[in-house]
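Worksheet for the structure shown next.
The values are calculated or read from the model by the stated rules, or taken from the named source; none is laboratory data. Given the structure is predicted, the values throughout are model-derived calculations rather than measurements. Cβ coordinates were reconstructed from backbone atoms using ideal geometry, including for glycine residues, and neighbour counts include every protein chain displayed.
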Amino acid sequence: MASGFSYSAGQPRCFAYWREFSKCYAGSDTPKQCKAQADDYLECLHHTQETARAKAVKAEFVKKAEHQAKEGRKVADILAEGAITNVGLIQRGSE
């Protein structure tokens, strides 16, 4: 990562965040001042917040589908025509 080159000879996708973090860290008195840059860099690497949001959206959608199922529709039919799987945020069979 420190070299700035990826396997395909271009810049890695998170290198810009790494540069921001390293500039901040080099110029700061305490590491706590660079928490925002470190969080941005780690999110770019691991996508933890994005994954958590997608799981929350899916859980709410399933909860709503189960509520609609009590009104007479099948849960599988509701989930099959759902907007979440069609948009591509969550792929079917991934969990």
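Cβ-Cβ contacts under 7 Å between residues 6 or more apart (or on different chains), taken from a first residue in the stretch 8-32 that is under 16 Å from His47 (Cβ atoms) and modelled with pLDDT of 95 or more to a second residue that is of a type in the set (Val, Ile, Thr) and surrounded by 12 or more Cβ atoms within 10 Å (Cβ to Cβ), are absent. Mind checking which pairs have a first residue in the stretch 43-58 that is surrounded by 11 or more Cβ atoms within 10 Å (Cβ to Cβ) and a second that is assigned to a helix (DSSP H, G or I) and modelled with pLDDT under 90, Cβ under 7 Å, 6 or more apart or different chains? Listed by first residue and then by second, the contacts come to Val57/Ile84; Lys58/Ile84. Is it the case that some residue within the stretch 17-28 is over 30 Å from Ala80 (Cα atoms) and not in a helix (DSSP H, G or I)? Yes - at least one qualifying residue is present in the stretch 17-28.
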